[in-house]
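Colleague: Can you read through this structure? Questions will come right after.
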């Protein structure tokens, strides 16, 4: 597991950087926000990214994918993160797509993955509930037996890209108590299913999320993703992969926020000199850089661990997520502080990075959560 | 890759055959490691045998050229050798500043004659080196050093005081920065000299630290005659050499404090810190009972792993032919801060048991932990303070203005 980009990965990274610079400057994201765009991202751009093969990177060729790994996906996500591109990688490729890839039946995979890879289907996973915080096992949404199927009742919050998803993978309890590891089952629920309602939510980072209500939604045995009662372990695997991918995005965002700040320190003049000449700021800038470099190493290790199916994958993911969460927030906060008054204005992009850093921090568990998990997995 | 696997197999066989069984598990640290030199001591007699067989194969300096006593191994082969040695729990056959600091510097700047004279002796562990950089009035501002070197025919006559010379009382030679041109700008009048410490006029006095130990000395030079042939690089161009050597020193410090453990390796499931916390706080059914200390320990373990991965990334990059990236500039500052935090946490985990200096009522191992904590406070000072390192990162990596 060498922590170095291969020539192909390096080339992919450069291609992605060029594409993002040309088609997705932060001004594009700003416009989507300002116009309260109904979709919340660009479907044309998503199709273009699919055309470039990016959407299909981690999916096997039999479904139209590139048959590559998370190491490749990560270099693309990092470039997208740099410019806060809101296209649905996290919901569709990292959550919904991985749930089907790891747990889906042949029929489910055949039906959904080719359409996902071509950019025609949006998927997501509805796992978070009002009281679950970061505990994936905290599932109160009920799946009650009805004939040979089930009816689903409950509410999921902040489901990524929910209002545009063609199908949702929903975590529901078929057995056990509120926080039991066993007894969770994942079900595929299609858009428009009777009893399903989706309401768009507005979060600080202006990215897509929705409130998903299930009022007696009927699902059958063909809709089970993975095994009945064993969905908790599958969900954890999916979220580990999604976390590794999210960390790559976070890395890109913090890299950009840091670079923008370093550039500002060189050009902003006060007391007749560039403020970057002040040691009080220099040392903090150097610490931002250190945090960035350490985060990069952890992200590279985590995505490679996904590809190698490393037995230490869970700890490496928690390591990456803990560090990226803390580093992302630190760098974003310092970026605003070092920009001074203009950093507080909506007109400057730096605020977007701070908002996104906060949301990303609290997606899939914050640093404290992952340190606890790391310690638990290490036996202390 | 097939060749590398062959090399791995042959290396393992050779090590199994030649490593004395008594040395497995001996640490490559200050206390137990082989430092070599005329006053060499060995943790066990077999450590001497180990040094000799490894030196004969060139594996005390695996990646140095064979003509100077090294092993001539590629980066990948040297990594395999280190991995195989780790698997057999074999200590380094030789440690010290010859291998980590002056050797690489001579390979870069030395004359052919200097390389042939000094490198083989370093590889065989015959000569132990120490460093003469800092002075009482030249710490972070190293270039303001005053030890003067006055030309007298084919010699320099050196007079002055060097401080923080590590293990000078045990060393045979010293590499020192001296002021050869007091008229030039401060960085431009410095020469890098190799001095035999048995030359008349050299004297050494150990310095007692807050930890109660004396790893450092003050070294005095009084009219010490040093041949001009012992100048490394050019007269008055020693600052260039000094900076390069500081780079070697900082990467050595980084290696010593965890980077060298390699990120590919799993974090041990019970580091000394975790074991100590368990011992003093109780096992708490598999969970360190103080939740705040537990979080701090987890943070430290995570940071250690993140750092090891960063060192691995730099090494993997070098192996792939990339030039050393800016990430290496963070090693010294981060490695030392990490090590210091670890020692703070160890003392904190011990509680009142960590307050002993010596004598009854205290466990010998615990006393050592406390002394090590005191010693660790110097990590962010020696080899360039953390503040100086941050300045370097801000200037050279981020390009922030003066």
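Colleague: Relative contact order of segment B:257-397, please, whole-number percent, based on alpha carbon pairs below 8 angstrom and at least 6 residues apart.
Modeller: Numbers: 131 pairs, mean separation 37.9, N = 141.
Relative contact order, segment B:257-397: 27 percent.
Colleague: Residues of B:308-318, mean number of Cβ from any other protein chain within 10 Å of their own Cβ, rounded to a whole number?
Modeller: That works out to 6 on average.
Colleague: Only counting other Cβ atoms within 10 Å, I'd like A:134, A:353 sorted with the fewest neighbours first.
Modeller: Starting with the residue having the fewest Cβ neighbours, the order is A:134, A:353.
Colleague: Where does helix B:291-319 land angle-wise versus the long Cα axis of chain B, in degrees 0 to 90, nearest 10?
Modeller: Tilt of helix B:291-319: around 50 degrees.
Colleague: Also: Does anyone have the angle between helix A:231-267 and the longest principal axis of chain A? Alpha-carbon axes, 0 to 90°, nearest 10?
Modeller: With rounding to tens, the tilt is 20 degrees.
Colleague: Contact order normalised by length for segment A:124-228, with contacts defined as Cα pairs under 8 Å and 6 or more residues apart; what percent is it?
Modeller: So the answer I get is 31 percent.
Colleague: Then there's this: If you count, for every residue in B:293-305, the Cβ atoms of partner chains within 10 Å of its Cβ, what is the mean? Write out the running numbers ahead of the final one.
Modeller: Details: counts 0, 5, 5, 1, 4, 13, 8, 1, 7, 15, 4, 0, 10.
Mean partner shielding for this stretch: 6.
Colleague: Taking the Cβ of each residue in B:140, A:253 as the centre, tally the other Cβ atoms inside 10 Å and list the residues starting with the fewest.
Modeller: B:140, A:253
Colleague: Follow-up. Residues of segment A:63-106 with the amide nitrogen closer than 17 Å to a label point 7 Å from the Cα of residue A:14, along Cα-to-Cβ, please.
Modeller: In segment A:63-106, the label zone of residue A:14 (backbone N under 17 Å from the point 7 Å along Cα→Cβ) covers A:75-76, A:79.
Colleague: Within chain A, what percent of beta bridges assigned by DSSP are antiparallel, to the nearest 5? Can you show the working numbers first?
Modeller: Values: 31 of 37 bridges.
Roughly 85 percent of the beta bridges in chain A run antiparallel, per DSSP.
Colleague: For a protection proxy built on the mean count of beta-carbon atoms within 10 angstrom, sort B:98-108, B:116-126, B:35-45, A:147-157 highest first, please.
Modeller: Final packing ranking: B:98-108, B:116-126, A:147-157, B:35-45.
Colleague: Okay, next question. Pairs of alpha-carbon atoms within less than 8 angstrom and 6+ residues apart define the contacts here; what relative contact order does chain A have, in percent?
Modeller: Computed value for chain A: 15 percent relative contact order.
Colleague: Among A:371-377, A:13-19, how do they line up from the highest to the lowest mean number of other beta-carbon atoms within 10 Å? Write down the numbers at each step before the final one.
Modeller: Numbers: A:371-377: 20.3, A:13-19: 16.1.
Ranked by mean Cβ neighbours within 10 Å, highest first: A:371-377, A:13-19.
Colleague: Taking only DSSP H segments of four or more residues, each worth -39500 (n - 2.57), what value at 222 nm results for the protein assembly as shown once the sum is divided by all its residues, to the nearest 500 deg cm²/dmol?
Modeller: Computed ellipticity for the protein assembly as shown at 222 nm equals -14500 deg cm²/dmol.
Colleague: If you average the alpha carbon positions of segment A:116-132 and of segment A:227-256, how far apart do those two centres end up, in angstrom?
Modeller: What the calculation gives is 12 Å, centre to centre.
Colleague: While we're on this one: Mind giving me the FRET efficiency for residue A:180 and residue B:207? R0 is 45 Å, r the Cβ-Cβ distance, nearest 0.05 is fine.
Modeller: The formula returns an efficiency of 0.15 here.
Colleague: R0 = 41 Å: FRET efficiency of residue A:21 with residue B:275, Cβ-based, nearest 0.05? The partial results should precede the final answer.
Modeller: Values: r = 50 Å, r/R0 = 1.23.
That pair, residue A:21 with residue B:275, gives E of 0.20.
Colleague: Going by average Cβ density within 10 Å per residue, which order do the peptides B:280-286, B:58-64, A:72-78 take, highest to lowest?
Modeller: Result, highest mean Cβ count within 10 Å first: A:72-78, B:58-64, B:280-286.
Colleague: Grab the Cα-Cα distance for residue B:181 and residue B:114, subtract it from 0.36 nm times how many residues apart they are, and report the gain in nm with one decimal.
Modeller: Value of the extension gain: 21.8 nm.
Colleague: Under the definition of partner shielding as Cβ atoms of other protein chains within 10 Å of a residue Cβ, what is the mean value for peptide A:312-319?
Modeller: 3
Colleague: Report the FRET efficiency, 1/(1 + (r/R0)^6), for residue B:28 and residue B:322, where r is their Cβ-Cβ distance and R0 is 35 Å, rounded to 0.05.
Modeller: Here the calculated transfer efficiency is 0.80.
Colleague: What is the helix-to-structure angle for B:331-350, meaning the angle in degrees between its Cα long axis and the longest Cα principal axis of chain B, kept from 0 to 90 and rounded to the nearest 10?
Modeller: Roughly 40 degrees between the two axes.
Readers should treat all values here as calculations from the given coordinates under stated rules, not as data from a laboratory. Note that this is a predicted model, so its numbers are computed, not measured. With ideal geometry, Cβ positions are generated from the backbone for all residues, glycine too; neighbour counts draw on all protein chains shown.
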